[in-house]
Structure formats: C-alpha cells, structure tokens
Amino acid sequence: MYPIILLSVLGVVTLFLGFSKSKNILLPATLLFLIIALIGNFIEWNKGPLLYFYDMFRVDNLTLSFNGIILLSAFMIVAISGGFQDNADSEPAEYYGLMLFSLVGAMMMIGFEHMIMLFIGVEILSVAMYVLTGSNKRNLRSNEAALKYFLMGAFATGFMLFGMTLLYGATGSFELSQIQGFASNMQPGSQSYILYAGLLLLLIGMLFKVSAAPFHFWTPDVYEGAPTIFTTFMSTIVKTAGFAALFRLLNTSFTNIYSFWWIIIALIAVLTLLVGNIGATSQNSFKRMLAYSGISHAGYLLIALTALSRPSENAIVFYSLAYSLSTICAFGVLMLVSKEKTIEGQPNEHYDAFNGLAKQNPVLAFVLAVSMLSLAGIPLTAGFWGKFFIFTSAAERGIMWITVIAVLMSTVGIYYYFRVIIASYLREGNMIKIRIAPFYQVILLIATFLTILFGLAPGIFDNLI
C-alpha cells in the first residue's frame with residue numbers, strides 16, 4: 001500500500017517541479033522518488049496478507065515481489081532517459097509524472113482483490129501509455145502508434161468490462177474470494193455458462209495488455225512508433241503487471257474450473273510462441289524484432305499460467321525479473337547506437353546499425369551480447385533459468401507437449417537474437433566511439449551484472465515469496 005500512496009503524492013510533486021526554471025532537477029528528483037517508493041514497498045514484507053481500501057487491495061509477499069520488479073525496472077529506465085533533453089519540445093515533468101502515475105496503476109493490477117480495483121489499475125496504466133506513446137508529437141510514426149494503441153486498447157477494455165459484468169451476473173460479486181466460492185460450489189446450469197463467458201471475455205481484455213496472440217497486432221507498430229524509452233517502459237512494466245494480474249485472477253478465483261480454461265490458455269501460449277518467434281525471424285529492424293520477441297516471451301509466461309502451481313508462481317516472478325533486465329539493456333544500447341547512426345534524420349534501428357560495435361564500443365557490445373544471450377535462454381544467464389523454471393512447472397503438471405513446443409521455439413529464437421551479436425562482433429562497419437554518460441553506463445552494467453548473477457545463482461530468491 002505504501003508505494004501506491006507515495007507514488008500518487010510524488011507524481012503530483014513531480015508535476016509541480018515542472019514549474020521550476022531548471023529542468024535538470026527533474027531526473028534526480030524522479031530517481032529519488034522511485035528509491036523512496038522501493039524502500040516503502042518492503043516495509044510490509046512478511047507481514048501479509050493484508051487487505052486495504054475496504055478489502056479491495058491485497059498486500060502479500062507476491063504483491064511486494066512484483067512491485068519490486070516494476071520499481072527497479074522503472075528506476076533503470078528513468079536513469080537512462082537522459083532527462084528528455086534531446087527534444088526541445090519535451091516536457092520532462094509531464095513524462096516523469098505520467099510514468100509515476102502509471103506505476104500506481106500497475107501496482108493496483110498486481111494486488112487487486114476486487115474487479116473494480118483491477119479495472120481502475122488497467123485504465124490508469126493504459127491511459128498513461130497511450131499519451132507517452134504519442135509524446136513525440138512531430139513524428140507521424142509516433143502519432144500513428146498512439147492512435148492504434150488507443151483504439152485497440154479501447155476495444156480490449158470493452159471486452160474486459162463485459163466479462164466483469166457477466167461474472168458479476170453469475171456470482172453476484174466483484175470480489176475474488178466470492179467468485180472463488182461460487183466457482184467451487186457451482187452446479188451445471190445457466191449461471192455456469194455466464195461465468196465461463198465472463199471469464200473468456202475478461203481474459204481477452206487482459207491478454208491484449210500482455211501482447212498475446214491473436215491479440216498482438218498492435219505490438220510491432222506501437223513498439224516501433226513510440227519513443228524508444230517509452231517502448232522500454234511498456235515492454236517491461238506493462239507486461240510484468242499484466243501477468244501478475246492474470247496469475248492472481250486465475251490462481252485466486254478459478255482454480256476449481258481449471259479443467260475449463262487451461263487448454264484455452266495453453267493453445268494461446270502455443271500460438272503466441274509461433275507468432276512471436278516466426279515473426280521475429282523476418283524482421284530487419286532490431287526494434288521490431290524486440291517487439292516480436294516480447295510476444296514470444298508472453299508465450300513462455302502463459303505456459304507458467306497453464307501450469308498454475310507453486311513452482312509456476314516462482315517461475316513468473318523470476319522470469320519477469322530476468323526479462324526486464326535483459327530488455328532494458330537491449331533497448332538502452334539501441335538508444336545510444338540509433339542516435340549516432342541516423343538515416344535521413346531518423347534513428348537507424350536496423351541490424352546493420354550495430355555493425356562493428358565491438359571494435360569501437362566493447363562495453364556496449366558486451367552488454368548487448370549478454371542481454372541477447374539471456375533473452376535466448378543460453379546457460380549462465382538469468383534467462384536460461386527463467387525458461388527452465390517455466391518448463392519445469394509445466395512438466396510437473398504433466399503438460400509435456402507444450403514444453404516440447406516451447407523448447408523448439410527457443411531454438412528458433414537463437415537465430416534472431418544472434419543476428420545482432422554477429423553484427424556487433426563479426427561485421428565490418430563505420431561505427432564511431434559513442435560517448436556514454438557515466439550514470440547511463442553504470443545502470444547498463446548493473447543490469448548486465450544482475451543478469452549474469454542470477455544466471456550463476458538462480459536460487460537467491462528461493463522461498464522468499
């Protein structure tokens with residue numbers, strides 16, 4: 001509860017700091033606010049479960065773990081934002097304020113115990129993302145991405161609300177515990193069909209938020225059109241919050257009708273893996289490849305939801321952390337390289353922009369290589385153990401066929417992740433020495449170090465949740 005209150009207040013403070021004559025204060029102030037929120041997040045560690053806001057919000061170790069991941073991710077993303085000083089038309093106070101407010105929405109999604117709390121959280125997060133996606137007002141690609149994201153997001157919200165309405169009609173409550181009680185004592189009849197329909201529609205709305213196929217069509221265009229710093233924010237924090245909400249929803253309310261929905265989630269997971277991995281192989285843009293990569297990683301996380309067990313709970317937390325660290329590194333390097341290698345005044349986000357990176361910028365090449373290895377699931381990286389834990393949870397549930405498909409799709413991922421490593425180390429290019437702000441470099445190295453650390457010692461967080 002503390003980080004929600006803190007970020008709500010500090011988001012307003014950030015907006016007022018925008019009236020100051022110097023914009024330089026905004027970046028350190030926002031980083032300080034995120035550190036305060038991160039410290040406040042763990043005050044209630046091992047004190048839960050606690051219920052707040054008329055029992056609509058639940059705080060337990062799982063909630064705090066996901067909160068910690070998104071706060072750490074937000075800190076790193078803000079740290080490499082550079083204060084938005086490259087754009088003369090930018091309003092850093094608005095951007096930082098929206099980012100802080102969006103974190104409030106993400107935390108509501110993570111800890112919701114009532115459907116209304118989930119809806120409020122989704123809308124707070126989504127509206128902030130719509131605005132940030134179109135923040136580069138002079139760029140037509142950014143405007144197009146924001147419009148697509150908004151229109152498709154509005155449709156997804158409609159499905160989600162309709163699903164909540166049907167669930168209320170079937171159970172008479174928006175509370176997860178009440179819905180769980182109804183589902184456990186449900187008798188065959190008309191109300192059961194309403195419950196099933198409501199759950200399906202609610203899942204459609206939520207699966208849109210995490211870029212699962214076939215609700216993924218917005219993802220490549222929005223990721224490509226949005227300013228890269230906000231794409232990084234979107235691909236890590238929104239995905240983490242979305243899967244945390246899905247896990248809480250299914251694990252709390254619908255375990256008793258697992259036989260109904262697990263095969264649906266499993267088929268969507270397989271489709272998502274196919275679309276994400278096959279789509280990524282045909283991309284020439286590194287940024288669009290990361291968009292399809294994000295789709296494929298949604299498929300792996302859906303496998304953990306299909307298993308829905310204690311091991312899958314730990315797997316989702318670990319995988320979310322590993323994916324966030326690697327993605328921040330990848331986008332962080334992309335922002336530096338694309339700014340130096342432009343095409344007709346626009347950042348060059350293609351693979352060939354990385355040609356010869358290792359010769360002139362060995363640190364950036366190393367950071368990029370580790371992030372790609374982790375996303376590919378290569379041993380001695382956090383990404384390997386993230387996939388291993390997910391595959392193990394599915395195998396323990398007895399769903400071997402989906403594990404086999406996921407392993408095959410992981411081998412496909414090696415192809416497109418290694419393309420950028422080959423470009424960096426083996427291709428010749430006119431790469432120049434890129435100047436990196438010291439703090440920027442420190443953040444990338446810390447994320448890389450954590451990726452390797454969790455790859456060498458994946459049991460650090462065992463039994464904490």
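FYI, it's all coordinate maths here, none of it is from the lab. Predicted model only: the values in this text are computed from it and were never measured. Every residue, glycine as well, gets a Cβ built from its backbone with ideal geometry; the counts of neighbours run over all protein chains shown.
Give me the number: length gained by fully extending VAL12 to LEU271, i.e. 0.36 nm times residue separation minus the C-alpha to C-alpha distance, one decimal in nm.
Extra length available between VAL12 and LEU271 comes to 89.1 nm.
What spacing in nm lies between the two simple spin-label points modelled at ILE434 and SER285, each 7 Å away from Cα in the Cβ direction?
Each label point lies 7 Å from its Cα, and together they span 1.8 nm.
Given the rule -39500 (n - 2.57) for each run of at least 4 DSSP H residues, summed and divided by the residues of the chain, what is its mean residue ellipticity at 222 nm, to the nearest 500 deg cm²/dmol?
Value at 222 nm, helices only, nearest 500: -24500 deg cm²/dmol.
Let me know the shape class of region 216-276, please: from the alpha-carbon gyration tensor, a ≥ b ≥ c as square roots of the eigenvalues, rounded when a/c is under 1.5, otherwise prolate if a/b is greater than b/c, or oblate.
oblate
When the expected Rg is taken as 2.2 N^0.38 Å, what fraction or multiple of it is the alpha-carbon Rg of region 301-392?
Dividing the Cα Rg of region 301-392 by 2.2 N^0.38 Å gives 1.32.
According to the square roots a ≥ b ≥ c of the eigenvalues of the Cα gyration tensor, what is the shape class of region 93-170, taking rounded for a/c under 1.5, prolate for a/b larger than b/c otherwise, and oblate for the remainder?
Because a/c hits 1.5 or more and a/b fails to exceed b/c, region 93-170 counts as oblate.
Just report the Cα centroid separation between region 245-275 and region 32-54, whole Å.
Using only Cα atoms to place each centre, the spacing works out to 29 Å.
Quick one: net charge around GLU340, please, counting Lys, Arg +1 and Asp, Glu -1 for every other residue with C-beta under 10 Å from its C-beta.
So the surrounding residues net to +4.
Hey, if you put +1 on the Cβ of every Lys and Arg and -1 on every Asp and Glu Cβ in region 2-461, which of ALA241, ILE77, LEU445 ends up farthest toward the positive end of that dipole?
LEU445
Highest first, please rank the peptides 212-219, 419-426, 110-117 by the mean number of other Cβ atoms sitting within 10 Å of their residues.
Top to bottom by mean Cβ count within 10 Å: 110-117, 212-219, 419-426.
Any chance you could run the full-extension gain for ILE43 through ALA395? It's 0.36 nm times the residue separation minus the Cα-Cα distance, nm to one decimal.
My answer for the length gained is 123.1 nm.
Roughly how many Å is it from the Cα centre of region 292-329 to that of region 101-123, as a whole number?
20
How far, in nm, would the chain grow between THR255 and ASP55 when pulled straight, counting 0.36 nm per residue and subtracting the alpha carbon separation?
Full extension of this stretch gives 69.9 nm more.
Which FRET efficiency value, to the nearest 0.05, is calculated for ALA197 and PHE217 with the Förster distance at 35 angstrom and r the Cβ-Cβ distance?
Plugging the Cβ-Cβ distance into 1/(1 + (r/R0)^6) gives 0.90.
Arrange the peptides 137-150, 14-27 so that the one whose residues have, on average, the most other Cβ atoms within 10 Å appears first.
Sorting 137-150, 14-27 by mean packing, highest first, produces 137-150, 14-27.
If the only charges are +1 at each Lys and Arg Cβ and -1 at each Asp and Glu Cβ, what is the size of the charge dipole of the chain around the Cα centre, to the nearest 20 debye?
My answer is approximately 680 debye.
How high is the relative contact order of the chain, given as a whole-number percent (alpha carbon pairs under 8 Å, six or more residues apart)?
Relative contact order comes out at 14 percent.
Counting other beta carbons within 10 Å of each residue's own, what order do TRP401, TRP45 fall into, fewest first?
Going from sparsest to densest Cβ surroundings: TRP401, TRP45.
Order 354-362, 201-209 from most to least packed using the mean count of other Cβ atoms within 10 Å.
201-209, 354-362
Can you check what the net charge comes to around LEU50, using other residues whose Cβ is under 14 Å from the Cβ of LEU50 (Lys, Arg +1; Asp, Glu -1)?
That works out to -2.
Between region 352-421 and region 433-447, what's the alpha-carbon centroid distance in Å?
Their Cα centres are 23 Å away from one another.
Which value, in Å³ per residue, describes the convex hull spanned by the Cα atoms of region 2-461?
Cα convex hull per residue, to the nearest whole number: 129 Å³.
Any of LYS23/LYS137; LYS148/LYS433; LYS23/LYS148; LYS148/LYS287 with alpha carbons more than 26 Å apart? Name them for me.
In this structure, LYS148/LYS433; LYS23/LYS148 lie more than 26 Å apart at Cα.
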